[in-house]
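Structure, as structure tokens:
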Amino acid sequence: MRNDNRLGIALMTITTFVFAMQDGISRYLAENYNVFMVVMVRYWFFAAFVIAIARHQKGSVRAAASTTQPLLQGLRGLLLAGEICIMVIGFVHLGLVESHAIFAVYPLLIAALSGPVLGESVGWRRWAAIGIGFAGVLVILRPGVGVFAPAALFPLAAAVMFALYGLLTRYAARRDSAATSFFWTGVTGAVLMTAIGLPNWQMLAGWDWAVLALLCVTGAGGHFLLIKTYEVAEAGAVQPFAYLQLPFAASLGILAFGETISANVALGAAIVVGAGVFTLIRTHRKSV
């Protein structure tokens, strides 16, 4: 275990870029093929990667899967798989720019729910940041101005699900290792997505097979980089840089899909990210 925050920040920056590319590829494929099928194939590759990592760290699949809280671990895996499906649907109907701008609220949701779910103390400064962050979401959604886009509910629901996944991961860590939680995340998700993805199988055309392969590589590669990031640096030092996925994904949305950034989305995203970074910093200071 190293403590090189500069290297960790560099790795987190690369990681967020890879994940942004994964989101762009997911949007492209989901516009042309069934979402559940696309996510299913992605999960097959992810599960194989997870099993390989688990065997390396734990010595065997049986050791990696061993847990006294299988229902909790299974629920975590189902939540993440469902969140990915909903978010990809959001990419198709709302675009990368606005989907990521809304989804950026998830750290604030984790902070807000950490009290009732985990019994953690949340001070007034973090509550103020949470309130400001949610105000930023309202700026993005502009309730009462024009017609509310129902598609905005997709990234908002995904943010809630991802926040619950994060909280349950922290809860599970009290009794299980990170390798065990990682194993259950990949395998449970693969089982769920296979059940709902196979009935929706579609043959891919031409180069789309290569695009799907690239999706699988970016998925596993992103998680590998994320693991390496937390191996070399403190989580509190690098976590704020995870927000770089927002500008990376927004740039891809503009360049590859012809999306635009309206003034309210830019302002709201800045408010949400600012509040989120402040919350992450306060949480890190409270933990050290």
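The values are calculated or read from the model by the stated rules, or taken from the named source; none is laboratory data. Treat the numbers as computed from the prediction; the structure is a model and nothing was measured. We place every Cβ from the backbone using ideal geometry, glycine too, and count neighbours over all the protein chains shown. Just so you know, the surface numbers come from the protein's heavy atoms only, side chains and all, with ligands and any DNA or RNA stripped out. Shrake-Rupley method; radii C 1.70, N 1.55, O 1.52, S 1.80 Å.
What the table below lists for this structure:
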read-out	value
GNM top mover of Phe224, Phe103, Phe248 - the chain, alpha-carbon springs below 10 Å	Phe224
Cβ-defined net charge surrounding Ala20, 15 Å radius [Lys, Arg +1; Asp, Glu -1]	-2
The chain: most fluctuating residue of Gly221, Gly206, Gly197 per GNM, C-alpha cutoff 10 Å	Gly206
Cα gyration tensor, the range 170-217 - rounded (a/c under 1.5), prolate or oblate	oblate
With every protein chain in place, the chain: carbon and sulfur % of accessible area (1.4 Å)	69
The range 130-227, Rg to Rh (Cα coordinates; Rh as Kirkwood inverse mean 1/r)	1.06
Gap separating the Cα centres of the range 159-196 and the range 248-273, nearest whole Å	29
Solvent-accessible area per residue, Å², over the chain with all protein chains present [probe radius 1.4 Å]	47
With eigenvalues of the C-alpha gyration tensor scaled by 5 and rooted, the range 158-288, Å	29, 25, 15
Average projected area [Cα convex hull, the chain], square nanometres	15.5
Helical segments meeting 15 Å axial Cα length and Kyte-Doolittle -1.0 threshold in the chain (DSSP H)	5-32, 35-58, 70-94, 106-118, 124-141, 153-172, 178-197, 208-232, 245-257, 263-287
Size of electric dipole in the range 131-288: Cβ of Lys, Arg +1 and of Asp, Glu -1, about Cα centre, debye, nearest 20	560
Magnitude of the charge dipole, the chain, Cβ model with Lys/Arg +1 and Asp/Glu -1, debye to 20	900
Prolate/oblate/rounded call for the range 1-118, Cα gyration tensor, a/c under 1.5 rounded	rounded
